[in-house]
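These notes are about the structure you will find just below.
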Amino acid sequence: MLIFSGILIALPFFFNAIEKRNGISFDDIVLERIPAINVSVAVFFLIWSSCLILVIRLYRDPMMLLTTLWAYNCVTLVRMLCICLISLNPPAGLIPLADPITNQFYGQRYITHDLFFSGHTTTVFLIFLCLKKNTDRIYTLIATIILGILLLVQHVHYTIDVLAAPVFTYALYRFALTITKIRNQPIFPDPGQG
């Protein structure tokens, strides 16, 4: 929880810093073929509905909460590192995402330089990985796919940002599972188990 809290405190400063820098732009053959359309409402419906499902499920499952926290912390720190190392300018035709919830924290300024890899796609895919109930997992997997497409429709991310997100997320989720198992092993084994 301390790492999670530290990340939440650091994010506004991090986003402020990356918005000031100039990165590279490149041609994306997928985006060139898609006209930019504002689909912010659909994007945030998918994100926040997935988050709501996760919060409801975490309430009764402390191990899921622990795994989710470790995975979120790992993914966010690696994503911040990637954004620092891979400085990209926003795609041509970008329509900023307008989220009434996160705009309360970051103001009406839009974050457009947090590109590689997609945090929106990462969030919903991580929720998919952490959930256990089949109907929840089916919903969040479909939400991840639709969300990735919508982010491209709005030209919020390059195609590589969206495609890389599940790869990084899955690897870091597996790492978080390892941390969770290590952290939950008893210091002194139960003598009755043998």
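With loop defined by DSSP as not H, G, I, E or B, and exposure as at most 11 other Cβ atoms within 10 Å, which is the longest segment of the chain clear of exposed chymotrypsin sites (Phe, Trp or Tyr not before Pro)?
60-194
Roughly what angle does helix 40-58 make with the longest principal axis of the chain, taking Cα atoms, 0 to 90 degrees, to the nearest 10?
The helix 40-58 is inclined about 10 degrees to the chain.
Please give the helix 159-183 orientation as an angle from the longest Cα principal axis of the chain, in degrees from 0 to 90, rounded to the nearest 10.
Here the helix axis deviates by roughly 20 degrees.
Apply the a/c threshold of 1.5 to the C-alpha gyration tensor of the stretch 9-123 and tell me whether it is rounded, prolate or oblate.
Cα axes put the stretch 9-123 in the prolate bin.
Let me have the 222 nm mean residue ellipticity of the chain computed from DSSP H runs of 4+ only, each contributing -39500 (n - 2.57), with the sum over all residues rounded to the nearest 500.
Taking each H run of at least 4 residues, the total per residue is -21000 deg cm²/dmol.
Over the Cα atoms of the chain, what is the Rg over Rh ratio if Rh follows Kirkwood?
Taking Rh as the inverse mean 1/r over Cα pairs, Rg/Rh reads 1.01.
In the stretch 109-143, whose amide N lies under 20 Å from the spot 7 Å out along Cα-to-Cβ of ASP61? List them in ranges.
122-143
Once fully extended, how much extra length lies between CYS82 and GLU32, figured as 0.36 nm per residue of separation less the alpha-carbon to alpha-carbon distance?
So the chain would gain 15.5 nm between CYS82 and GLU32.
Trypsin sites (Lys or Arg not before Pro), restricted to the stretch 16-95: which are DSSP loop and have at most 13 other Cβ atoms within 10 Å?
LYS20, ARG21, ARG60
Using the alpha-carbon centroid of each, what span in Å lies between the stretch 1-74 and the stretch 141-165?
After rounding, the separation between the Cα centres reads 12 Å.
None of the figures in this text is laboratory data; all of them are computed from the coordinates on show. These numbers come from a predicted model, not from an experiment. Every residue, glycine as well, gets a Cβ built from its backbone with ideal geometry; the counts of neighbours run over all protein chains shown.
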